[in-house]
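Written below as C-alpha coordinates is the structure these notes are about.
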Amino acid sequence: MNELLFTFASFLAAIIMGLFYNRLLKRERPLRSNIVRNLPAQTSQTFIGRKEEISSLLDFLKPSNPKTVAGVFGMGGIGKTSLLIKVGQECVNTKIFDVVLYIPARRLSTLNNENANNNILETVISTTAYALELPTSQITDSEKEAFFRASLSKRRVLLLIDGLDEVMEKEQNELLNFLSSLPSQTKVIISSR
(Lines give C-alpha, C1' and ligand atoms only; values in the text may rest on other atoms or scores of the structure.)
Protein backbone atom coordinates (compact mmCIF):
# COMPACT_ATOMS: atom_id res chain seq x y z
CA MET A 1 0.00 0.00 0.00
CA ASN A 2 2.84 2.43 0.88
CA GLU A 3 4.53 1.74 -2.46
CA LEU A 4 1.32 2.47 -4.32
CA LEU A 5 0.82 5.73 -2.38
CA PHE A 6 4.44 6.74 -3.02
CA THR A 7 4.10 5.95 -6.75
CA PHE A 8 0.87 7.92 -6.97
CA ALA A 9 2.42 10.93 -5.15
CA SER A 10 5.46 10.84 -7.46
CA PHE A 11 3.20 10.64 -10.50
CA LEU A 12 1.09 13.56 -9.26
CA ALA A 13 4.20 15.64 -8.52
CA ALA A 14 5.53 14.95 -12.04
CA ILE A 15 2.25 16.10 -13.60
CA ILE A 16 2.19 19.30 -11.53
CA MET A 17 5.84 20.08 -12.39
CA GLY A 18 5.15 19.38 -16.06
CA LEU A 19 2.20 21.78 -16.07
CA PHE A 20 4.25 24.42 -14.27
CA TYR A 21 7.18 24.20 -16.72
CA ASN A 22 4.79 24.14 -19.67
CA ARG A 23 3.23 27.43 -18.47
CA LEU A 24 6.68 28.97 -18.03
CA LEU A 25 7.75 27.99 -21.53
CA LYS A 26 4.60 29.44 -23.10
CA ARG A 27 5.05 32.87 -21.52
CA GLU A 28 5.53 35.64 -24.04
CA ARG A 29 7.14 38.03 -21.59
CA PRO A 30 10.27 37.26 -19.61
CA LEU A 31 9.83 36.16 -16.02
CA ARG A 32 11.59 39.27 -14.82
CA SER A 33 8.91 41.81 -13.96
CA ASN A 34 11.25 44.76 -13.58
CA ILE A 35 12.81 46.70 -16.39
CA VAL A 36 16.55 46.18 -16.74
CA ARG A 37 18.24 49.55 -16.29
CA ASN A 38 21.41 51.19 -15.10
CA LEU A 39 20.39 54.86 -15.02
CA PRO A 40 22.35 57.08 -12.65
CA ALA A 41 20.39 58.77 -9.88
CA GLN A 42 19.08 62.19 -10.79
CA THR A 43 20.97 64.97 -9.04
CA SER A 44 17.85 67.04 -8.28
CA GLN A 45 14.31 66.08 -7.37
CA THR A 46 12.74 68.41 -9.93
CA PHE A 47 13.46 68.71 -13.61
CA ILE A 48 12.55 72.17 -14.84
CA GLY A 49 11.70 72.99 -18.45
CA ARG A 50 12.70 71.08 -21.57
CA LYS A 51 9.12 69.91 -22.14
CA GLU A 52 9.47 70.32 -25.91
CA GLU A 53 12.73 68.38 -26.02
CA ILE A 54 11.36 65.60 -23.81
CA SER A 55 8.20 65.38 -25.90
CA SER A 56 10.22 65.28 -29.13
CA LEU A 57 12.47 62.49 -27.83
CA LEU A 58 9.51 60.48 -26.51
CA ASP A 59 7.86 60.81 -29.95
CA PHE A 60 11.07 59.49 -31.52
CA LEU A 61 10.96 56.50 -29.17
CA LYS A 62 7.49 55.37 -30.26
CA PRO A 63 7.42 51.90 -31.84
CA SER A 64 5.82 53.34 -34.98
CA ASN A 65 8.96 55.39 -35.70
CA PRO A 66 11.26 53.37 -37.99
CA LYS A 67 14.35 55.45 -37.13
CA THR A 68 16.71 53.99 -34.56
CA VAL A 69 19.19 56.79 -33.73
CA ALA A 70 18.57 60.35 -32.49
CA GLY A 71 20.96 62.99 -31.22
CA VAL A 72 20.97 65.64 -28.53
CA PHE A 73 23.52 68.32 -29.35
CA GLY A 74 24.64 71.48 -27.56
CA MET A 75 27.40 73.28 -25.72
CA GLY A 76 28.87 71.79 -22.58
CA GLY A 77 26.92 72.33 -19.38
CA ILE A 78 23.47 72.98 -20.87
CA GLY A 79 21.92 69.76 -19.53
CA LYS A 80 22.29 67.12 -22.25
CA THR A 81 23.11 64.42 -19.70
CA SER A 82 20.22 65.45 -17.43
CA LEU A 83 17.88 65.35 -20.43
CA LEU A 84 19.04 61.83 -21.37
CA ILE A 85 18.54 60.60 -17.82
CA LYS A 86 15.10 62.25 -17.57
CA VAL A 87 13.95 60.62 -20.81
CA GLY A 88 15.35 57.29 -19.60
CA GLN A 89 13.41 57.65 -16.32
CA GLU A 90 10.21 58.45 -18.26
CA CYS A 91 10.72 55.28 -20.30
CA VAL A 92 11.22 53.21 -17.14
CA ASN A 93 8.09 54.73 -15.56
CA THR A 94 5.92 54.12 -18.62
CA LYS A 95 7.47 50.68 -19.29
CA ILE A 96 7.78 51.19 -23.04
CA PHE A 97 11.17 49.43 -23.04
CA ASP A 98 12.33 46.16 -21.52
CA VAL A 99 15.86 47.53 -21.12
CA VAL A 100 17.08 51.13 -20.59
CA LEU A 101 20.86 51.50 -20.49
CA TYR A 102 22.99 54.59 -19.90
CA ILE A 103 26.50 54.39 -21.37
CA PRO A 104 28.82 57.31 -20.50
CA ALA A 105 31.29 57.68 -23.37
CA ARG A 106 33.07 60.43 -21.41
CA ARG A 107 34.38 57.90 -18.90
CA LEU A 108 35.46 55.67 -21.73
CA SER A 109 37.63 58.43 -23.23
CA THR A 110 39.74 58.48 -20.03
CA LEU A 111 40.03 54.69 -20.13
CA ASN A 112 41.22 54.83 -23.76
CA ASN A 113 44.41 56.55 -22.65
CA GLU A 114 45.21 53.52 -20.49
CA ASN A 115 43.77 50.71 -22.65
CA ALA A 116 43.75 51.03 -26.41
CA ASN A 117 41.54 47.93 -26.80
CA ASN A 118 38.63 49.50 -24.90
CA ASN A 119 36.54 51.20 -27.61
CA ILE A 120 33.01 52.60 -27.58
CA LEU A 121 31.46 49.90 -29.80
CA GLU A 122 32.85 47.11 -27.62
CA THR A 123 31.62 48.96 -24.52
CA VAL A 124 28.08 49.31 -25.93
CA ILE A 125 27.99 45.61 -26.84
CA SER A 126 29.49 44.36 -23.57
CA THR A 127 27.34 46.65 -21.36
CA THR A 128 24.16 45.58 -23.13
CA ALA A 129 25.15 41.91 -23.22
CA TYR A 130 25.87 42.00 -19.48
CA ALA A 131 22.50 43.65 -18.72
CA LEU A 132 20.65 41.12 -20.90
CA GLU A 133 22.65 38.22 -19.43
CA LEU A 134 23.79 37.11 -22.88
CA PRO A 135 26.42 34.33 -22.98
CA THR A 136 29.04 36.28 -24.96
CA SER A 137 32.04 34.40 -23.55
CA GLN A 138 31.30 31.51 -25.92
CA ILE A 139 31.13 33.75 -29.00
CA THR A 140 34.06 34.81 -31.15
CA ASP A 141 34.66 38.50 -31.77
CA SER A 142 33.67 38.11 -35.42
CA GLU A 143 30.27 36.64 -34.42
CA LYS A 144 29.60 39.08 -31.57
CA GLU A 145 27.93 41.89 -33.57
CA ALA A 146 25.55 39.54 -35.41
CA PHE A 147 24.69 37.73 -32.17
CA PHE A 148 24.09 41.08 -30.48
CA ARG A 149 21.72 42.26 -33.25
CA ALA A 150 19.79 38.98 -33.13
CA SER A 151 19.45 39.21 -29.34
CA LEU A 152 18.17 42.78 -29.53
CA SER A 153 15.48 41.79 -32.03
CA LYS A 154 13.71 39.93 -29.22
CA ARG A 155 13.42 42.94 -26.85
CA ARG A 156 12.64 46.65 -26.78
CA VAL A 157 15.95 48.27 -25.80
CA LEU A 158 16.85 51.94 -25.27
CA LEU A 159 20.54 52.86 -25.31
CA LEU A 160 21.48 56.32 -23.98
CA ILE A 161 25.04 57.09 -25.08
CA ASP A 162 26.34 60.22 -23.38
CA GLY A 163 29.26 62.36 -24.57
CA LEU A 164 30.11 60.77 -27.90
CA ASP A 165 32.16 63.85 -28.82
CA GLU A 166 34.86 62.72 -26.38
CA VAL A 167 35.54 59.51 -28.31
CA MET A 168 37.93 59.41 -31.27
CA GLU A 169 36.30 60.14 -34.63
CA LYS A 170 37.17 56.73 -36.07
CA GLU A 171 35.32 55.04 -33.19
CA GLN A 172 32.38 57.43 -33.54
CA ASN A 173 31.93 56.44 -37.19
CA GLU A 174 32.29 52.73 -36.40
CA LEU A 175 29.66 53.03 -33.66
CA LEU A 176 27.21 55.06 -35.77
CA ASN A 177 27.45 52.56 -38.64
CA PHE A 178 26.74 49.73 -36.24
CA LEU A 179 23.86 51.52 -34.49
CA SER A 180 22.14 52.31 -37.78
CA SER A 181 21.92 48.56 -38.47
CA LEU A 182 20.14 47.66 -35.23
CA PRO A 183 16.56 46.32 -35.24
CA SER A 184 13.92 49.08 -35.35
CA GLN A 185 12.56 48.29 -31.88
CA THR A 186 15.99 49.20 -30.47
CA LYS A 187 16.30 52.95 -30.04
CA VAL A 188 19.45 54.98 -29.37
CA ILE A 189 19.80 58.55 -28.16
CA ILE A 190 23.28 60.03 -28.34
CA SER A 191 24.44 63.25 -26.70
CA SER A 192 27.35 65.19 -28.12
CA ARG A 193 28.77 68.70 -28.34
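Quick rundown of the values:
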read-out: Accessible area in square angstrom per residue, the range 51-193, 1.4 angstrom probe; value: 52
read-out: Note, ³J(HN,Hα) from phi for the range 164-178, Karplus 6.51, -1.76, 1.60, rounded to Hz, x at Gly and Pro; value: 4, 4, 8, 9, 4, 4, 4, 5, 4, 5, 4, 5, 4, 4, 5
read-out: Accessible-area composition of the range 51-106, carbon plus sulfur, in percent [1.4 Å probe]; value: 55
read-out: Apportionment of accessible area to carbon and sulfur, the range 131-182, percent (1.4 Å); value: 47
read-out: Under-5 Å amide H pairs with VAL69, H placed in peptide plane, nonlocal only; value: VAL188
read-out: Ranked packing of 134-143, 180-189, most packed first, by mean Cβ within 10 Å; value: 180-189, 134-143
read-out: Two-site FRET efficiency, LYS154 against ASN38, from Cβ-Cβ distance with R₀ of 25 Å, rounded to 0.05; value: 0.80
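The values are calculated or read from the model by the stated rules, or taken from the named source; none is laboratory data. Just so it is clear, the model here is predicted, and its values are computed rather than measured. Quick reminder, even Gly has a Cβ in these numbers, built from the backbone with ideal geometry, and neighbours come from all protein chains shown. Surface accessibility is based on the protein's heavy atoms, side chains included, excluding ligands, DNA and RNA. Shrake-Rupley method; radii C 1.70, N 1.55, O 1.52, S 1.80 Å.
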